[in-house]
Amino acid sequence: MCGIVGYIGKKQAAPILLDGLAKLEYRGYDSAGMAVYNGEKIQMAKATGRLKVLSEMTYEGETLPGTVGIGHTRWATHGAPTDSNAHPHFNETETIAVVHNGIIENYMKLKKKLEDKGYQFSSETDTEVVAHLLDYYYKGDPLEAITKIMHRVEGSYALGIIFAEHPDVIYAVRKDSPLIVGRSGEGSLIASDVPAVLKYTRNVYFIENEEIARLSTEAIVFFNVDGESIEKESKQIEWDIHAAEKGGYEHFMLKEMNEQPATVRDTISPRIKDGEIVIEELGMGDEEIRQIDKIHIVACGSAYHTGFTSKYVFEGLARIPVEVDLASEFRYRNPILNKNTLVIIISQSGETADSLAALRMAKECGVTTLGIVNVVGSSIAREADKVMYTWAGPEIAVATTKAYSAQLVAQYLLAILFAKVRGKIDAEQVSTMLHDLKKLPDQIELLLSHKERIQKFANRFIAARDVFFLGRGIDYAISMEGSLKLKEISYIHSEAYAAGELKHGTISLIEEGTPVIAVATQNEILKKTISNVVEVRSRGAFVMAVTTEGTAEMEKTADYVVYIPQTNAYFSNSLAIIPLQLFSYYVAVGKGCDVDKPRNLAKSVTVE
Ligand code: G6P
């Protein structure tokens, strides 16, 4: 997830690009760059770090004179956050400049083909492929070259493109990554999101999939993927600037919850190729995977909860014993690690102090370490022997939602891959699981669309003092995350309990009206959880159950039932967590809490 902008008009482009990028920094901020046509050629400036560095380096854009340009603020996916990987990217003759948001899934294949034809690459990005491919197809007509590359490139992209030979126009292209264009009195603009253009216009066109816009100072015209002219209607934006940064959502947390279908899709889909799981950056051979005799999953907070779920998945599918540890415990407990142990560190930020220390300790013991990390180029990503990225984009709300969901599916992929390589599942089982995995984004979307029902229910619990979450197996892991979400943002005391353990103490806390949330998605142990629900209800608890469609038994037992769609039992966390996130969010909103920045908490905990 990156931010892109473009401008063509009567004013100097660079200051407008910088201003737009500042509004898009929430989309990524590890490096930034601009390309501006100066009357003779395209001039480029790029800098690692926050946008401020680029702004200072170019004297607020003064060193890049010209009225036509494109800009980018990056959230690294392919290649570390460095100057050379920052966008824009040039073709070799520096006559075509490209900015990109998204992931080109077949970039390795395209890169190889272009290299065979003599093209030289100067970055590790997937985007540079687009610049060279445009060069390859460009024979004087930019539109023709663009439509040709759209037929070759797979994955998601929003592109801003300028051609030195056609300095009177800029191009915007989109597939599965957001892009808007708009006109002000003095020119035309491209942006990834509305806030970047609101200062200049409220009248914007939303580019749809596989559409192209050609912008000039006076007009914007649109084409389809075959280069045929199409008509589009503009939309009037009513939001104020502040609301627009959150895409019209009241809080970043709500926005990020709604981004989960895309996040899960982005983390899964580039890794499924011709029915096989291919995790390009992982670099683990089959023999190495076969030799693993134990896995330690180590993490903090919600990342730890994803590990708690994937213990069941790795053990169930790949039959490898798994221990799950809080990083702050692991680093001081002198764990038994041998040469065939794999230590998996999970971290959104890649900078959490305890997780990083645990990683270093494991490395000192000589075992292989694997980081599952969201921030490319972060300490854990750099220091782990192996890395797998979650492609969730920047998460702003302190309480994680979309990074959590991405971490879960990344681990499902890894577990299926390990199971297949170790001969524990066959090709048909893999295919059925991949089919279920691919359905998750739409199923999450469906659950999110029922938010009003959860909101209505949550309103009843604004005054609650204690809430208990119950579940067994994976449902217990889901309960742990549901409970954490609630307490961290609403300040209501909550506890997650393994449902069978209830009788050994916690049940004494249940009294008339105590809210209990029972998670029961695992068919094999459903009856057991139902018995525990009966026990708490008969002591006065008010029970909401989260269970799978087609499970009628819960209807008779709980006070309120939320259904999740059918999926493979190992993947149920990805669906069951959605109503629990929504529940916590609406309770916190109802209580008037600062949802995005809960008291005493920080997004990245870089102290012990
Ligand atoms: C903080 C955040 C949590 C996160 C945890 C671990 O407590 O509020 O949302 O799960 O840190 O962070 P990491 O970046 O390592 O995933």
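The values are calculated or read from the model by the stated rules, or taken from the named source; none is laboratory data. Remember, it's a predicted structure, so these values are computed and weren't measured experimentally. Cβ: placed from backbone, ideal geometry, glycine included. Neighbour counts: every protein chain shown. Ligands, DNA and RNA are stripped out before the accessible areas are found, and what is left, the full protein with its side chains, is counted by its heavy atoms. Shrake-Rupley method; radii C 1.70, N 1.55, O 1.52, S 1.80 Å.
Which whole-number percent gives the relative contact order of the chain, counting Cα pairs below 8 Å spaced six or more residues apart? Mind dumping the intermediate values first?
Details: 1380 pairs, mean separation 65.4, N = 608.
This gives 11 percent for the chain.
Working from the alpha-carbon coordinates of segment 38-159, get Rg over Rh, Rh being the Kirkwood radius.
On the way: Rg = 14.5 Å, Rh = 15.1 Å.
Rg/Rh for segment 38-159 comes to 0.96.
State, to one decimal in nm², a quarter of the convex hull surface area for the C-alpha atoms of segment 192-336, i.e. the direction-averaged projected area. It would help to have the intermediate numbers written out before the result.
Numbers: hull surface 58.6 nm².
Its Cα hull, projected and averaged over all orientations, spans 14.7 nm².
I want the local charge near Lys148. Using Cβ-Cβ distances under 15 Å, sum +1 for each Lys or Arg and -1 for each Asp or Glu among the other residues.
Working: positive: Lys113, Lys117, Lys139, Arg152, Lys175; negative: Asp135, Asp141, Glu144, Glu154, Glu210, Asp226, Glu228.
In short, -2.
Loop only by DSSP, 13 or fewer other Cβ within 10 Å of the Cβ. Give me the GluC sites (Glu not before Pro) in segment 501-586 that pass, ordered by residue number. Working shown, then result.
On the way: sites: Glu501, Glu511, Glu512, Glu524, Glu535, Glu549, Glu553, Glu555; in loops: Glu511, Glu512, Glu549.
Passing sites in segment 501-586 are Glu511, Glu512, Glu549.
Let me know the Kirkwood hydrodynamic radius for segment 462-597, please, with Cα pairs as the basis and the value in Å to one decimal. It would help to have the intermediate numbers written out before the result.
Working: mean 1/r = 0.0683 Å⁻¹.
One decimal place: 14.6 Å for the Kirkwood radius.
Please work out the Cα convex hull volume for the chain and give it in Å³ per residue. Walk me through the intermediate numbers first.
On the way: hull volume 94.8 nm³, N = 608.
For the chain, the hull spanned by Cα atoms encloses 156 Å³ per residue.
Order these peptides, 61-68, 203-210, by their mean beta-carbon neighbour count within 10 angstrom, highest first. Can you show the working numbers first?
Values: 61-68: 19.1, 203-210: 15.9.
Ranked from most to least packed, the peptides come out as 61-68, 203-210.
What angle, in degrees between 0 and 90 and rounded to the nearest 10, separates the Cα long axis of helix 127-137 from the longest principal axis of the Cα atoms of the chain?
Between the helix axis and the principal axis of the chain, the angle is about 40 degrees.
Going highest first, how would you order 280-289, 450-459, 574-583 by mean Cβ packing within 10 Å?
Values: 280-289: 14.0, 450-459: 16.1, 574-583: 26.4.
Averaged packing, sorted descending, gives the order 574-583, 450-459, 280-289.
Step through the table entries Lys386/Lys420; Lys438/Lys597; Lys255/Lys597, compare each Cα-Cα distance with 22 Å, and write down the pairs that go over it.
Details: Lys386/Lys420 19 Å; Lys438/Lys597 33 Å; Lys255/Lys597 14 Å.
In this structure, Lys438/Lys597 lie more than 22 Å apart at Cα.
Quick one: how many Å² of Tyr26 are accessible to a 1.4 Å probe, rounded to 10?
Ignoring ligands and nucleic acids, Tyr26 comes out at about 30 Å².
Once the Cα atoms of helix 402-421 and of the chain are each reduced to a long axis, what angle between those two axes, in degrees from 0 to 90 to the nearest 10, is obtained?
With rounding to tens, the tilt is 80 degrees.
Run through every distinct alpha carbon pair of segment 385-489 and return the Kirkwood hydrodynamic radius in angstroms, one decimal place. Could you put the intermediate results ahead of the total?
Working: mean 1/r = 0.0599 Å⁻¹.
One decimal place: 16.7 Å for the Kirkwood radius.
What accessible surface, in Å², does a 1.4 Å probe find on Asp226, ignoring ligands, DNA and RNA and rounding to the nearest 10?
Roughly 100 Å² of Asp226 is accessible to a 1.4 Å probe.
How would Met44, Met480 line up by accessible area, probe 1.4 Å, largest first? Working shown, then result.
Working: Met44 55, Met480 30 Å².
Result of the area sort, largest leading: Met44, Met480.
On the Cα set of segment 288-379, report Rg and Dmax in Å, please.
Rg, Dmax (Cα atoms, Å): 12.1, 32.
Compute the angle between helix 107-116 and the longest alpha-carbon principal axis of the chain, please, reported from 0 to 90 degrees and rounded to the nearest 10.
That helix lies at roughly 40 degrees to the long axis.
Okay, helix-only estimate at 222 nm for the chain: each DSSP H run of n ≥ 4 adds -39500 (n - 2.57), divide by all residues, round to 500 deg cm²/dmol; what do you get?
On the way: 20 runs with 216 residues, N = 608.
Using -39500 (n - 2.57) per qualifying helix, the result is -10500 deg cm²/dmol.
For Ser229 and Lys109 in one chain, what is 0.36 nm times their gap in residues minus the Cα-Cα distance, to one decimal in nm?
Details: separation 120, 0.36 × 120 = 43.20 nm, distance 3.10 nm.
Between Ser229 and Lys109, full extension yields 40.1 nm more.
Taking only protein heavy atoms and a 1.4 Å probe, what accessible area per residue, in Å², does the chain have with all protein chains in place? Don't jump to the answer; show the numbers that get you there.
Values: 23480 Å² over 608 residues.
Computed with neighbouring chains in place, this is 39 Å² per residue.
Starting with the highest mean, order 164-170, 592-598, 122-128, 251-257 by the number of other Cβ atoms within 10 Å, averaged over the residues of each peptide. If you can, show how the numbers build up before the last one.
Values: 164-170: 18.1, 592-598: 16.4, 122-128: 21.1, 251-257: 23.7.
Ranking the peptides 164-170, 592-598, 122-128, 251-257 by packing returns 251-257, 122-128, 164-170, 592-598.
For every other residue with a beta carbon closer than 13 angstrom to the beta carbon of Lys528, add +1 if it is Lys or Arg and -1 if Asp or Glu, then tell me the sum.
On the way: positive: Arg472, Lys503, Lys527; negative: Asp475, Glu501, Glu524, Glu535, Glu553.
Within the 13 Å Cβ shell, the charges total -2.
Positive end of the charge dipole of segment 83-133 (Lys, Arg +1 and Asp, Glu -1 on Cβ, about the Cα centre): tell me which of Val130, Val99, His89 has its Cα farthest that way.
Val130
For Lys402, Lys199, Lys11, Lys386, what's the largest-to-smallest order of accessible area, 1.4 Å probe? Walk me through the intermediate numbers first.
Working: Lys402 0, Lys199 130, Lys11 95, Lys386 35 Å².
Per-residue accessible area, sorted high to low, gives Lys199, Lys11, Lys386, Lys402.
Just read off the accessible area of Asp176 with the full protein assembly in place, 1.4 Å probe, to the nearest 10 Å².
Asp176 exposes around 90 Å² with every protein chain in place.
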